[in-house]
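Peer 1: One structure is given below, represented as structure tokens, and several questions about it will come after.
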Amino acid sequence: MRADRLVAIVLLLQAHGQRTAGQLADELETSERTIRRDLEALSGAGVPVYAQRGRGGGWALAGRHRIDLSGLTAREARSLVLAAAGAPDQGDVEAALRKVLAALPPMLRDQVEAARARIHVDPSAWGRLGGRTAGEGVGSGDAGILDLLRHALETGVQVELGYARPGHEPSWRRVHPHGLVVKRGAWYLVATAPSGLRTYKVSRIEAAELTDEPAATPEGFDLAATWEAAQRSLVARRPSAEVTVDVLVDPRAWPVLSRRLGGWWEIVDLGPEPDGRRRALVSMASASHAARELLGFAEAVEVRAPPEVCAELAALGRRLFEQYSPVAP
């Protein structure tokens, strides 16, 4: 991490000309004492950093010493930052972005920052706002469609989408794209359609075409705030919990169950039982809803109570048996 910080210091001085130790400490999230030690180490290694004393002073690079990133084109720089935005909670990615942004010319840096504002990473679980969910990867969605949408955001043009809602045939609509959001491994496009502001799951976009028409973004549009408002509306429409299910969960199934159900419903973890299974209480919408949610875990989950959930599971099992059991000759 120190080598990373030393390079970042040089890039920040290169981009801004001069910085105080306090400013560098704030930007690199460390102490002034650490920064001063780093500056001394850079000087000892032959990097021409020097201090200007007095009011308005600070640290700067002598002469034309530079770490050269001039080979990056504007498109390459924007693409690098947009791609890195899909990898949240990785310190090395943030450090790399800081270096790249610090080393870019001011005009190009402004363009890249604007592109970065069009990507939002939501680390919270579904049904919860602001919290983080451990162990979740970030998927790429359909790579071709995602690249096209990124290009539309970079160039500011409208897009024709062939979008398939669940249970419906694909239909075409023209939208004004405003930003991309990645949440729990899935990408979403936030855009204005003829019917108003909408969110489209990228994996359901079966085809997309760029147009020559400029896209219009609402005045004062904030991608993160718009996404959060949409999530609050979704949570508000969620049914209230009416049944609490007592379950025993195979330890291998526990991470999946807690992630899948914990995003929407309250789970009280009661800890491991003597046989190694984990006991938990899960509050859910209804007995039938609980049965359908838990059926997919098969023998990895045993429902202890209440009786109505057990009865729903038994009824589902009988219907499945009747549907799929072989017919006697």
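The values are calculated or read from the model by the stated rules, or taken from the named source; none is laboratory data. Quick caveat: nothing in here was measured; it's all calculated off a predicted structure. For neighbour counting, all protein chains shown are included, and Cβ atoms are generated from backbone atoms with ideal geometry for every residue, glycine included.
Peer 1: Restricting attention to segment 15-29, and to residues there that are exposed (fewer than 15 other Cβ atoms within 10 Å of the Cβ) and under 16 Å from R5 (Cβ atoms), which single residue is modelled with the highest pLDDT?
Peer 2: G22
Peer 1: Also, I was wondering about something else. Please state which of the following conditions Q52 fails to meet, knowing it meets all the rest: (1) modelled with pLDDT of 75 or more; (2) over 30 Å from the mean Cα position of the chain (by Cα); (3) under 30 Å from L153 (Cα atoms).
Peer 2: (3)
Peer 1: In addition: Filter segment 184-194 for residues that are under 15 Å from Q158 (Cβ atoms) and surrounded by fewer than 15 Cβ atoms within 10 Å (Cβ to Cβ) and give the result.
Peer 2: A193, P194 - these are the residues of segment 184-194 that are under 15 Å from Q158 (Cβ atoms) and surrounded by fewer than 15 Cβ atoms within 10 Å (Cβ to Cβ).
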